[in-house]
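A.B. asks: I have a structure I would like to understand better, so I am pasting it below and will then ask my questions one at a time.
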Amino acid sequence: MLHRVLTSALIRAAELIALLLVVGTVLFFLLRLAGDPAAVLAGQGATPEQIIAIRQAYGLDGPLLAQYLTYLRQLAVLDFGTSLASGEPALGKVLHHLPVTLLLASAALALSILLGLGTGVFLGARTGRNDGRIASLLLFVVQGVPGYVVALLLINLFAVQLHWLPPFGVVNWRGWFLPTLALAAFLAPKIARVTAANLQEALREDYVRLAYATGAAPRTVLWRHALPNALLGATALAGTQLAFLLSGSVVTESIFVVPGMGWLLIQSARSLDFPVLQALTAVVATMVFLINLGTDALFRHLDPRLRKQQR
Amino acid sequence: MIAAATRLRRAHARTNAGLWELRIGGALVAVLLGLLVLRGVLPIPDPLAANLVDRFQPFGTPGHVFGTDQNGRDLAARAVAGLRWSIGCAALATLFAATIGTVLGLLAAMVGGWTQRIVDHGVAAMMAFPAIVAAVVILAVAGSGFMPLVLTITLLGWAVFARVVQAEATALMARPYVLAAQLAGASRLAIALGHVLPGIAPTLLVMVAFFFGDALITESALTFLGLGAPFDAPTWGNMLQEGRLRMLQAPWLMLVPAGCIIVTVLAANLLGDGIAAWTRRDRHSFAA
């Protein structure tokens, strides 16, 4: 069992390193295709002397292959250079903004699970009834609304029309409501749909019929017999979607001015702060890797069938 | 008697599966495409014509059904002009991603060996990485515009197609009719194009519909963030950004492009769901 876990972790790690290598290589050549990398690295409004200094400092006047090897060597020791905007080490700057994103993502995940499971159980237990059909139609419409449009509509309703919550910024606890809600609006419908579908399936199983036959109350059958099995699918989905909460938080953070990694990404992209962009890409790839590893382990623990397979 | 009636009703419900989604989705798509094609002929004002007298006109103003923006430009006209950007970009990216993904997926399924392993790992790596992060970085470095947007969405989207096509094609390869074609001496290419591709066409169609919706969302989000279309282009992402800055004075500036995006994505999702239910219906009715 341990052997298998270790092997799969090693394969995942190899995939991660390969991914980082490919991303780094693509960025390396994109930067050179798009124009003068020294001008980019010197930042906007740099003097010609500064550009020349950068070119010498980074070895950009040497042959391309030598540049590439130097670049790979720096990547290998996680040396991404310093931010062009602030002069801090790029990696440190990214890690400084990491906790905010983690807080937002976990709050949104918790809210999504709460809302998604609740709606999913409601829908799954009411298939074929009209209120269930209307609810699933609503869900379908909600799922089609892009996350950032949801964010804007939330601001419009709660900040502009009702004046209940601040439109942006997280200076106090009230500022966290709208970003969390906007991010959860992206994940909750998915969890709801998967839970409903799995619950419908579970309710048709023989063990449910058996439970009814032994005289169990409908509520007991739903909560004790069918739901635990339906939850597996929802857990798997929440795990795979966790990585994409990071995507969602890019847009959400920049709309609500939440100073996390997503906000930093957009700021750095606008000012073309290349070292920070690169450090960000590496940190995000590593986080996705860790999340997937964790979800795999959790899932193996939850699903008895997988546990048995391992032995 | 009652049982027979229930069965009949169920069978009827099955043959109608996906029909209303197809009808509504198809109608919405027809309206959008009609507007896109006929926008030169229809009596629509110039989307770029500023008029400083008619600034910030609300919904339902005579002559400006959707109102006007901060420069007095007609919002209905700008919404229609945005169709070209958004639908063009999303459609082109969908076409490219579907083509590349299908070719690689078929290759992986039919050639196997190292080809399959390379495609597998490529797909796994691509799907693990949050697309919008990569898109933002690529567009920041490579510059923005129509083709960079299309190519970025393509680059980040082919993996989904490759994975599904590979899975479906591998399953089809084990079917007797493919085996028969192999025994009859058909070439690999002929089998791929004549026997496997038609078999995965329904799935591919459903994926195309959903991917189109996703591509449209990605395009407008990137433009909204200032990394897609140029600032002065009349696109839905730009209109949202302009509307956001004037949310307090004129909330409808934001609601018009938001409505456009929601309706278009909804149309694509309805078509996708409808096609999926419709093709599954066939299989069920044969089985029953």
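Each reported figure results from applying straightforward, stated rules to the coordinates on display, with no laboratory input. Because the structure is a prediction, the values reported are computed rather than measured. For neighbour counting, all protein chains shown are included, and Cβ atoms are generated from backbone atoms with ideal geometry for every residue, glycine included.
A.B. asks: For segment A:188-247, max minus min Cα coordinate along each principal axis, in Å, sorted largest first?
C.D. replies: Answer, in whole Å and largest first: 48, 17, 14 Å.
A.B. asks: Still on this structure: Run the simple label-point estimate for B:L248 and A:A57 please: 7 Å along Cα→C-beta, distance reported in nm.
C.D. replies: Taking the two extended label points, one gets 4.2 nm.
A.B. asks: Whole Å is fine, so just give me how far the alpha carbon centre of segment A:137-158 lies from that of segment B:143-164.
C.D. replies: With segment A:137-158 and segment B:143-164 each reduced to a Cα centre, they are spaced 25 Å.
A.B. asks: I've got another one for you. Around A:S112, with a cut-off of 13 angstrom between Cβ atoms, what is the net charge of the other residues, counting Lys and Arg +1 and Asp and Glu -1?
C.D. replies: Local charge sum for A:S112: +2.
A.B. asks: I would also like to ask the following. Measuring from label point to label point, each 7 Å out along Cα→Cβ, what is the B:M147 to B:A184 span in nm?
C.D. replies: Label-label distance for B:M147 and B:A184, simple model: 4.3 nm.
A.B. asks: I'd like the distance separating the alpha-carbon centroids of segment B:261-275 and segment B:95-138, in whole Å.
C.D. replies: A separation of 25 Å, based on Cα centres.
A.B. asks: To one decimal place, what orientation-averaged projected area in nm² is obtained for the convex hull of the Cα set of chain A?
C.D. replies: So the mean shadow area of the Cα hull is 21.2 nm².
A.B. asks: With each run of n ≥ 4 DSSP H residues scored as -39500 (n - 2.57), what mean residue ellipticity at 222 nm is computed for the protein assembly as shown after dividing by its residue count and rounding to the nearest 500 deg cm²/dmol?
C.D. replies: -25000 deg cm²/dmol
A.B. asks: Dipole of the protein assembly as shown, Cα-centred, from +1 at each Lys and Arg C-beta and -1 at each Asp and Glu C-beta, to the nearest 20 debye?
C.D. replies: 2260
A.B. asks: Compute, for segment B:113-226, the length of the dipole vector about the Cα centre, with Cβ point charges of +1 (Lys, Arg) and -1 (Asp, Glu) only. Units Debye, rounded to 20.
C.D. replies: Approximately 300 debye in magnitude.
A.B. asks: Now for a different question. Most fluctuating residue of A:T180, A:T286, A:T25 in a GNM of chain A with Cα springs under 10 Å: which is it?
C.D. replies: A:T25
A.B. asks: Of A:L115, A:T281, A:F168, which is farthest towards the positive pole of chain A's charge dipole, taken about the Cα centre with +1 and -1 on the beta-carbons of Lys, Arg and Asp, Glu respectively?
C.D. replies: It is A:L115.
A.B. asks: What do the square roots of 5 times the Cα gyration tensor eigenvalues come to for segment A:133-251, in whole Å, largest first, as semi-axes of the equivalent ellipsoid?
C.D. replies: Over the Cα atoms of segment A:133-251, the ellipsoid semi-axes are 36, 15, 13 Å.
A.B. asks: Taking R0 as 41 Å, what's the FRET efficiency between A:D206 and B:L33 from their Cβ-Cβ distance, rounded to 0.05?
C.D. replies: For R0 = 41 Å, the calculated efficiency reads 0.25.
A.B. asks: Specify whether the C-alpha gyration tensor of segment A:23-100 places it in the rounded, prolate or oblate class, a ≥ b ≥ c being the square roots of the eigenvalues: rounded for a/c under 1.5, otherwise prolate if a/b is larger than b/c and oblate if not.
C.D. replies: Oblate shape, in that a/c is at least 1.5 and b/c is the bigger or equal ratio.
A.B. asks: Where nothing but the Cβ of Lys and Arg (+1) and of Asp and Glu (-1) is charged, how large is the charge dipole of segment B:48-272 around its Cα centre, in debye to the nearest 20?
C.D. replies: 260
A.B. asks: While we're here: Could you work out the relative contact order of segment B:48-272, using alpha carbon pairs under 8 angstrom and six or more residues apart, expressed as a whole percent?
C.D. replies: It comes to 24 percent, rounded to a whole number.
A.B. asks: Choose one of B:T218, B:L205, B:N71: the residue whose Cα lies farthest towards the positive end of the charge dipole of segment B:48-272 (beta-carbon charges +1 Lys, Arg; -1 Asp, Glu; about the Cα centre).
C.D. replies: Highest projection toward the positive end goes to B:L205.
A.B. asks: Using alpha carbons only, what's the Rg to Rh ratio of segment B:48-272 with Rh from Kirkwood?
C.D. replies: Rounded to two decimals, Rg/Rh equals 1.12.
A.B. asks: Using alpha carbon centroids, what distance separates segment B:191-248 and segment A:53-109, in Å?
C.D. replies: If we compute the Cα centre of each part, the gap is 31 Å.
A.B. asks: At a Förster distance of 25 Å, what's the computed FRET efficiency of A:H3 paired with B:T170, Cβ-Cβ distance as r, to 0.05?
C.D. replies: Computed FRET efficiency for A:H3 and B:T170 comes out at 0.35.
A.B. asks: Against the empirical 2.2 N^0.38 Å scaling, what ratio does the C-alpha Rg of the protein assembly as shown come to?
C.D. replies: Computed over Cα atoms of the protein assembly as shown, the ratio equals 1.04.
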